[in-house]
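Heads up: the structure comes next, in structure tokens.
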Amino acid sequence: MSLLPILDVVLASLVIGVAIFTISARELFASVVGYVAYGLLLAFVWIRLYAPDVALTEAAVGSGVTGVLLITAGKRLGALKNAAPEAQPGFAFKLLTAVLAALVASALGAVILMLPDPPPSLAPEAAAAADGAGAGLGNPITAVLMSYRSLDTMLEKIVLILAVVGVWSVGADKAWGKAPAPLRQQKPYAPMVFLAQMLAPVGALIAIHIFWTGANAPGGAFQGGALLAAMWMVTMMARLADPPRIDSQWLRLALVAGPAVFLISGLAGAVVAGAFFAYPPSLAKPIILFIEAFMVLSIAAALPMLVAGPPSERPD
Amino acid sequence: MTPSVLAGLTGAALVGFGLYGLILHPHPLRKLLAFNLMGSGVFLVFGIVARRGAVAGSRFDPVPQAMVITGIVVAFAASAIAVALILRLSAESSHVTLDPEVWTKPNDGTTK
């Protein structure tokens with residue numbers, strides 16, 4: 001048992017070390033690679049906080065998909081070839097910023113050391129609400145996401161759609177309705193194609209497993225959807241598939257399916273079970289899994305569209 | 001020092017480093033990265049609230065954890081919009097910067 005505290009300290013110093021590297025690296029690419037490593041290390045910290053669901057989300061979305069987004073953006077910026085010479089801030093300004101950052105960090109640290117005791121907790125309420133709905137979900141996180149705070153989860157899905165609309169709107173007028181630029185401009189290497197061909201089917205299977213098992217064990221719609229999205233992005237990077245046209249019906253249907261099914265089920269709950277987003281106890285678990293299946297579809301469609309960016313004028 | 005306090009202090013330090021990078025880096029994508037770093041620090045601080053909220057029968061308070069999961073996805077969505085804006089801004093002008101002084105300077109003719 002005496003080994004764990006040492007591991008905690010090592011892990012914390014690793015996270016902070018990689019964070020410093022991410023901030024101080026000279027190259028954008030190195031910085032992004034540092035950020036991906038940082039996200040994976042942070043996932044271990046989440047596991048130590050008994051939060052495997054958060055760890056999965058952080059590893060998949062926080063580090064993985066965000067990393068792809070930033071690397072793609074860096075490449076597209078590099079392709080523009082017009083970076084202005086960057087003005088470096090002066091020493092006094094740097095010092096002032098360091099003092100400000102240190103002040104904010106110490107204030108936060110002081111707050112953490114002085115948190116109230118006994119700590120406030122919504123756990124009993126959440127458990128009661130989840131049991132009250134008769135959800136029969138073994139995973140308390142999924143119970144909170146889909147039952148106790150289901151309105152938040154639905155609104156968050158709508159945020160994803162709004163983000164896709166926002167990204168598409170930034171494109172040039174002439175390009176409207178066309179497909180986003182491919183994630184990779186050059187011809188892909190053969191190993192990349194092979195990797196995509198081998199990984200995508202296995203990854204898709206694991207994604208569905210993570211979604212299905214999320215009712216009772218760590219996992220769920222977010223994590224499964226993010227993994228499915230990653231598999232689609234891998235095939236797009238290998239140019240086995242190119243981003244679809246943004247005016248295609250199936251894409252738009254997939255994007256809105258999750259929130260739409262969620263909202264309709266919520267409204268149906270108002271009629272059948274007496275409250276908005278209430279589920280009839282005997283059917284709660286099948287209904288929740290049904291909603292989650294469409295959420296997985298929407299997440300798997302939305303995340304790659306956010307990475308692919310606005311529609312592009314050139315077909316290639 | 002318990003693991004949760006250690007993780008909380010790590011989160012506080014990450015917020016500090018993120019803020020430093022956000023203010024100092026001239027490159028907009030680096031600013032975005034620093035901002036994400038700051039955000040994950042905030043999530044970590046919230047995570048120890050979840051850990052401390054543990055009651056009998058459970059090792060954590062599921063409500064803050066569920067909110068962090070939602071938060072990570074929303075942070076990604078916001079980052080994607082930021083990237084799209086940065087790329088469009090750079091495509092429309094000749095500068096990859098957010099410095100307002102560059103924008104008010106007379107054009108040196110390198111733009112289209």
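Scanning the range A:216-235 for residues that are closer than 16 Å to residue A:201 by Cβ and in contact with a Pro (Cβ under 6 Å, 6 or more places away or on another chain) gives A:229, A:232, A:233. Every condition in (1) part of a helix (DSSP H, G or I); (2) at the interface with chain A (Cβ under 7 Å from one of its Cβ atoms); (3) out of contact with any Ser or Thr (no Cβ under 9 Å at 6 or more places or on another chain) is met by residue B:59 except one, and the failing one is (1). Hey, any hits in the range A:173-190 for a residue that's modelled with pLDDT of 90 or more and within 24 Å of residue B:79 (Cβ to Cβ)? The answer is no; no qualifying residue exists. Restricting A:164, A:144 to those that are free of Cβ contacts under 8 Å to residues at least 60 places away in the same chain and touching a Leu at 6+ places or on another chain (Cβ under 9 Å) reduces the list to A:144. Between A:17, A:39, the distinction of being part of a helix (DSSP H, G or I) and surrounded by fewer than 16 Cβ atoms within 10 Å (Cβ to Cβ) belongs to A:17 only. Only residues that are closer than 22 Å to residue A:8 by Cβ, more than 7 Å from every other protein chain (Cβ to nearest Cβ) and at pLDDT 90 or above were counted across the range B:1-43, and they come to 5. Residues that are touching a Leu at 6+ places or on another chain (Cβ under 7 Å) and without any contact (Cβ under 8 Å) to a residue 24 or more places away in the chain within the range A:184-235 comprise just one, A:206. Looking at A:47, A:16, A:23, just one residue is within 21 Å of the chain's Cα centre (by Cα) and of a type in the set (A, V, I, L, M), and that residue is A:47.
Matching residues to (1) among the hydroxyl-bearing types (Ser, Thr, Tyr); (2) surrounded by fewer than 23 Cβ atoms within 10 Å (Cβ to Cβ); (3) under 19 Å from residue A:59 (Cα atoms); (4) in contact (Cβ under 8 Å) with a residue 60 or more places away in the chain:
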position: B:28; (1), (2), (3), (4): no, yes, no, yes
position: B:35; (1), (2), (3), (4): no, yes, yes, no
position: B:41; (1), (2), (3), (4): no, no, yes, no
position: B:47; (1), (2), (3), (4): no, no, yes, no
position: B:51; (1), (2), (3), (4): no, no, no, no
position: B:59; (1), (2), (3), (4): no, yes, no, no
position: B:64; (1), (2), (3), (4): no, no, yes, no
position: B:76; (1), (2), (3), (4): no, no, yes, no
position: B:82; (1), (2), (3), (4): no, yes, no, no
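Examine the range A:161-177 for a residue that is surrounded by fewer than 23 Cβ atoms within 10 Å (Cβ to Cβ) and away from every other protein chain (no Cβ under 14 Å), and state whether such a residue exists. Yes, because at least one residue in the range A:161-177 is surrounded by fewer than 23 Cβ atoms within 10 Å (Cβ to Cβ) and away from every other protein chain (no Cβ under 14 Å).
Summed over the range A:227-278, the residues that are touching a strand residue (DSSP E or B) at 6+ places or on another chain (Cβ under 7 Å) and among the hydrophobic types (A, V, I, L, M, F, W, C) give a count of 1.
Results for (1) of a type in the set (A, V, I, L, M, F, W, C); (2) free of Cβ contacts under 8 Å to residues at least 12 places away in the same chain, shown as yes or no for each residue.
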position	(1), (2)
A:18	yes, no
A:24	no, yes
A:42	yes, no
A:52	no, no
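Each residue in the range A:134-156 was checked for being within 9 Å of chain B (Cβ to nearest Cβ), surrounded by 18 or more Cβ atoms within 10 Å (Cβ to Cβ) and not β-branched (Val, Ile, Thr), and 7 of them qualify.
The values are calculated or read from the model by the stated rules, or taken from the named source; none is laboratory data. Because the structure is a prediction, the values reported are computed rather than measured. For neighbour counting, all protein chains shown are included, and Cβ atoms are generated from backbone atoms with ideal geometry for every residue, glycine included.
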